[in-house]
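**Student:** Okay, handing you the structure first.
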Amino acid sequence: MQHGPAVRRRKLGAELRALRAQAGLTSGEAAGLVGWHQSKVSRIETGASGSKPADVRLLLDAYGVTDQRLRELMLALAGAGGSGGRDHWWHAYRGVLPPAYRDFISLEAQASAMRTLETSVVPGLLQTPEYARAVTSAAMEGVEEEQVDTLVEVRMARQDVLRAQPPLELDAVLDEAVLRREVGGPEVMARQLGRLAEAARLPHVRLQILPFSAGAHIGVTGSFVIFSFSRASDLDVVVLDHLTSSVSLERKEDLQAYTEAFNALRAHALSPEDSSDYLAATADGA
């Protein structure tokens, strides 16, 4: 039986396979140590099936993995959590959120760092409730008000990663169009710009504005997110977030290409200091 979205099964399987190899074990030998059939280890490692947290603990013990951060990450990918009672809170919204969005939230909740390019709207982690409602209503025209309320509630809950200990390290490049596009009316936009200015002063948030004067740039093809995980760079993933789904890219070539693209965008954007000044000036003029 398949458990969880494919991207998480593949990520977990690839890392477990690497850990087994580091331990000098064949899949058959690993299966023997934990009392399974070899085919179960193979299915987990290829992502053909998911695994329960208890199964992952058995494998980690068999492979002699003692790194606590790595163990926690593996267990999180398997469905366990360590967020003080907020483990997988998004499961309560299964009837509203599609699997791809739940997986995006799960990656966001477990990541140590997030790099994002936004070309149209303010990143969800930095939106005010009013702005989030306006964006959601526009993107999902015709949806019942109750569902909009729920989606806004989810977006606000996602922002807890910026208040966690340790908080998510957020590195965001915003195209100037994000600031110039009036969403929800002047008052909503003014409060949203003020929220961005506040966020830019947080020590774990790096915000840069890519001005129109930068001309055409590599990010014109669309927004993207790069999630990074401490002590396990092989689990990094690029997510292209669309209206109704998300596409996850895991290949090292994709990660390298998007990392280089993000670095190029940062180089063309205003510095964090100049971006803060720009945001403050734009907020004052809104």
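**Student:** State, in angstrom, two size descriptors of the chain derived from its alpha carbons: Rg to one decimal place and Dmax to the nearest whole number.
**Tutor:** 20.6, 68
**Student:** In addition: For the stretch 96-233, what D do you get in µm² per second when you plug the Kirkwood radius from alpha-carbon pairs into Stokes-Einstein at 4 °C and 1.567 mPa s?
**Tutor:** Numbers: Rh = 15.8 Å.
Estimated diffusion coefficient is 82 µm²/s.
**Student:** Assuming R0 = 35 Å, what is the FRET efficiency of residue 33 and residue 69, from their Cβ-Cβ distance, to the nearest 0.05?
**Tutor:** FRET efficiency, residue 33 to residue 69: 0.90.
**Student:** Could you tell me what percent of the accessible area of the stretch 30-75 is made up of carbon and sulfur, with a 1.4 Å probe and every protein chain present?
**Tutor:** 52 percent
**Student:** Evaluate the charge dipole of the chain about its Cα centre and quote only its size in Debye, nearest 20, assuming +1 on the Cβ of each Lys and Arg and -1 on the Cβ of each Asp and Glu. Mind showing how you got there, number by number?
**Tutor:** Details: 30 positive and 37 negative charges, 224 e Å.
Roughly 1080 debye, rounded to the nearest 20.
**Student:** Based on the mean of other beta carbon atoms within 10 Å per residue, what is the order of 96-107, 154-165, most packed first?
**Tutor:** In decreasing order of mean packing, 96-107, 154-165 become 96-107, 154-165.
**Student:** Oh, and also: Before anything else, pin down the relative contact order of the chain: Cα pairs under 8 Å, at least 6 apart, normalised by residue count, whole percent.
**Tutor:** Numbers: 398 pairs, mean separation 51.6, N = 286.
After rounding, I find 18 percent.
**Student:** When the helices in the chain are scored as -39500 (n - 2.57) per DSSP H run of 4 or longer and the sum is shared across all residues, what 222 nm value do you end up with, to the nearest 500 deg cm²/dmol?
**Tutor:** Calculated from helices alone, the mean residue ellipticity at 222 nm is -15000 deg cm²/dmol.
**Student:** Could you sort 115-128, 270-283 so that the peptide with the highest average Cβ count within 10 Å comes first and the rest follow in order?
**Tutor:** 115-128, 270-283
**Student:** Would you tell me the accessible area of residue 11, worked out with a 1.4 angstrom probe on the heavy atoms of the protein chains, in Å² to the nearest 10?
**Tutor:** 10 Å²
**Student:** Sorted by accessible area (1.4 Å probe), largest first, how do 140, 114 line up?
**Tutor:** Result, largest first: 140, 114.
**Student:** Under 8 Å for C-alpha pairs, at least 6 residues apart: give me the relative contact order for the stretch 102-235, rounded to a whole percent.
**Tutor:** Here the relative contact order equals 42 percent.
**Student:** Please report Rg over Rh for the stretch 6-112, where both radii come from the alpha carbon positions and Rh follows the Kirkwood definition.
**Tutor:** Computed over Cα atoms, the ratio is 0.99.
**Student:** So for 143, 173, what's the accessible-area order with a 1.4 Å probe, most first?
**Tutor:** 143, 173
**Student:** Still on this model: If the cut-off is a Cα-Cα distance under 16 Å, which lysines reach residue 40, setting aside same-chain residues fewer than 8 apart in sequence?
**Tutor:** Excluding near neighbours in sequence, the set is 52.
The values are calculated or read from the model by the stated rules, or taken from the named source; none is laboratory data. On a predicted model such as this, the values are computed, not experimentally measured, just so you know. Glycine also receives a Cβ, built like all others from the backbone with ideal geometry; neighbour counts cover every protein chain displayed. Remember, those area values only see protein heavy atoms, side chains included, never the ligands or the DNA or RNA. Shrake-Rupley method; radii C 1.70, N 1.55, O 1.52, S 1.80 Å.
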